[in-house]
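The values are calculated or read from the model by the stated rules, or taken from the named source; none is laboratory data. In this text, all values refer to a predicted model and were calculated from it rather than measured experimentally. FYI the Cβ positions are ideal-geometry reconstructions off the backbone, even for glycines, and counts take in every protein chain you see. Areas reflect the complete protein model, heavy atoms only, side chains present, ligands, DNA and RNA absent. Shrake-Rupley method; radii C 1.70, N 1.55, O 1.52, S 1.80 Å.
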Amino acid sequence: MTDIILFMSDIMFYVNSVFLGVGLAMDAFSVSMANGLKEPKMKAGRMSFIAGIYAFFQFAMPMIGWLCVHTVAQYFEAFNKFIPWIALILLLFIGGKMLIEGIRGESEDDSSDNKLSFGVLLVQGIATSIDALSVGFTISDYGWLMALIATLIIAAVTFIICIAGLIIGKKVGDKLNNKAAILGGIILIGIGIEIWVKGFFFG
């Protein structure tokens, strides 16, 4: 009987980690679609690179949160209220820039300038995962090994979901041409507002 209970507990741990990963990856999925819209000619290697960046941050943020809970919890709680504002500012900046480029018609499918820089991808990764810091509270009861496994599962789920978002964005972006940058910018701005509203009013 005890073995059965332990087995079910292990199964629920993995299931919960997968669902947690799905929930956390939704913002990254939307940003991936926006990036696919902006770069409809994106190759498979670059898609994996971009999804890998988001997956890394979705792994790192909950793990950092877990470490903060176990070390400097009081300071982490104070910082937690700034998370929605940080995400809002970062995504408004990136989305606004993309929106302006689309309106001006600066984005061309065959232009190398159309590619998102590594710095922009890092900012997107941080902006879409910073709210996952609070997941450190959710997994704070886990030992370090279980926390590591949970965050690795979250990263794997994020990677798969972001690849799907990039593929969808590419397919739509091929048809929209320059208007894709406008739609991508609107998506990023909308995500920033959504994160802010969710964190400020319901956090």
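Assess whether residue 56 counts as being among the aromatic types (Phe, Trp, Tyr), modelled with pLDDT of 80 or more and surrounded by 14 or more Cβ atoms within 10 Å (Cβ to Cβ).
Numbers: among the aromatic types (Phe, Trp, Tyr): yes; modelled with pLDDT of 80 or more: yes; surrounded by 14 or more Cβ atoms within 10 Å (Cβ to Cβ): yes.
When the stated conditions are applied, residue 56 passes them.
Among residues of segment 135-148 that are open to solvent by 30 Å² or more (accessible area, probe 1.4 Å), those with a Cβ under 8 angstrom from a residue that is part of a helix (DSSP H, G or I) and β-branched (Val, Ile, Thr), sequence gap 6+ or separate chain, pair up as 137/69.
Which members of segment 31-46 meet the condition of being in a helix (DSSP H, G or I) and open to solvent by 30 Å² or more (accessible area, probe 1.4 Å)? Residues satisfying the conditions are 33, 44, 45, 46.
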